[in-house]
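Before any comments, here is the structure.
A short reminder: the numbers here are calculations on the coordinates, not readings from a lab. Every value quoted in this text rests on a predicted model; they were computed, and no experiment measured them. Glycine also receives a Cβ, built like all others from the backbone with ideal geometry; neighbour counts cover every protein chain displayed.
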Amino acid sequence: MKCIFCEDELFPATKPEHILLAALGGKKTSRKIVCSECNNDLGSVVDKELTDQVAVVRSLLRLQSGDGSPAPMRKKVKAGEDVINVLGDGKLELSKPFEAIRNADGTYALSIKAASLEEFEQNIRHIAAMLGTTEQHIMDQINASGVTQITRRPGVIQQSLSFGGPLANRSIVKSCLELWALEVGNEEILSASYGYTRRFVRLGDEAYATSRIELDSRYLPMLDELKAKFGNFFNLIYVASDETGRVVGHFTLYNLIAWQIILADRGGSPNRRVALISNPEIPNEWSDTIAEGLAINWGWLTSPDYYGDDLDRASARLAALMKHHQKESLSQNTLGIIEEVIAKHGLSESQQIRCQRRRSA
């Protein structure tokens, strides 16, 4: 077999290619589509762009990758007056927890930020090491000098979401083309019918982007059934052809936004369809046989709603995501507090913890 992008020969040791990006929870891989060099080159540019774009969503929903890696840490996020890091498990840490500013007379003005006494003590150790002194000396100086203690919450985090664009669209088209290659074979993908699409993935082309890719955020047919099986924020790649061999792909990202792509005007295998769907909240819940029960009407697939209510749909879906995030965060943060208390007091699993609900009059 040959690589569908550069036509180099593929080998058993070829690096496995994720059809749906691992960052999106994708688990299906193949060594029979893309060579290791194209895998690396496209992965470090176009796939990285799409991966970076979904970092906020992954952070909010604490989504693992397809290989089990945690959600990425988001560094130096502005939260009111603070700059924080958002860890993959949802916890927050200060990006710059302390400052030691040297005064003209040789003394230091310290500013220390901590979420707990333990964190404060850890900062003292770092400050002592930085100044070349002992922790006790630092504590003595703090106790003997004027100290102001302020307790407050981090400020509001302003977040922006941006999907698509020249690089990310190439990654989206690549996933559709690779899934179709598994259905019809590399030889067909290497034919002239797909030449324009293969070139777009490798090199990019503004004309292709404007003539063959359309934003298409209509609600999918069988949406309720898909959500019931694969969660509210599923990812879906769906590719189909008509009797003339026209091939069209549809890529749904987290059930928030979607694109329609014309992979071939003609010359493809007629009357075929294939789909790959995943639940990013539970990566083991995915299917590459979903097309058997998801026969999207060809007329629907090829007729994006160019002048529809895309903004209203996007707003409603984002609102649903944020509501889900708030509910899950409350549950997970509460559980985290309980686990910390259990660990702090050395309680065993066999010991019962009694919780009482206090009612106000």
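Quick notes on this structure:
- In this structure, F120 and N232 have a Cβ-Cβ separation that, at R0 = 35 Å, corresponds to a calculated FRET efficiency of about 0.30.
- Segment T133..R266, full-extension length gain: 40.4 nm, with 0.36 nm per residue of separation and the alpha-carbon distance subtracted.
- Taking a Cβ cut-off of under 14 Å around I124, the surrounding Lys, Arg, Asp and Glu residues balance to a net charge of -4, with basic ones at +1 and acidic ones at -1.
- Gyration tensor over alpha-carbon atoms, the stretch 81-144, equivalent ellipsoid semi-axes in Å: 24, 14, 9
- Charge dipole magnitude, Cβ of K and R +1, D and E -1 - the stretch 81-144, Cα centre, debye nearest 20: 160 debye
- Take the Cα of K2, go 7 Å toward its beta carbon, and the backbone nitrogen atoms of the stretch 174-200 under 15 Å from that spot belong to 185-196, 198-199.
- Charge dipole magnitude, Cβ of K and R +1, D and E -1 - the chain, Cα centre, debye nearest 20: 860 debye
- Unit charges at the beta carbon, dipole of the chain: most positive-side option, I277, L50, Q141: Q141
- Between N297 and A343, the distance separating the two model label sites (each 7 Å from Cα on the Cα→Cβ line) works out to 5.4 nm.
- Rough spin-label spacing in nm, given labels placed 7 Å along Cα→Cβ, for H325 and D67: 2.6 nm
- Placing a pseudo-label 7 Å from each Cα along the Cα-to-Cβ vector at A13 and Y108 gives an inter-label distance of 5.3 nm.
- The charge dipole of the stretch 1-156, taken about its Cα centre with unit charges on the Cβ of Lys, Arg, Asp and Glu (plus for the first two, minus for the last two), comes to roughly 460 debye.
- Bins of 20 Å, starting at 0 and running to the largest distance - Cα pair percent for the chain: 24, 44, 24, 8, 0
- Sorted from greatest to least, the principal axis extents spanned by the alpha carbons of the stretch 29-162 come out as 69, 31, 27 Å.
- Equivalent ellipsoid semi-axes, the stretch 137-212, via Cα gyration tensor eigenvalues times 5, rooted, Å: 58, 15, 11
- For the stretch 1-96, the equivalent ellipsoid derived from the alpha-carbon gyration tensor has semi-axes of 34, 13, 9 Å in decreasing order.
- The three principal axes of the C-alpha atoms in the stretch 184-342 carry coordinate ranges of 64, 34, 32 Å, sorted with the longest axis first.
- Between the amide H of A79 and those of I84, distances stay under 5 Å, these residues lying 5 or more places away or on another chain, with hydrogens modeled in the peptide plane.
- Using a Förster distance of 30 Å, the FRET efficiency for T210-E49 (Cβ separation, nearest 0.05): 0.95
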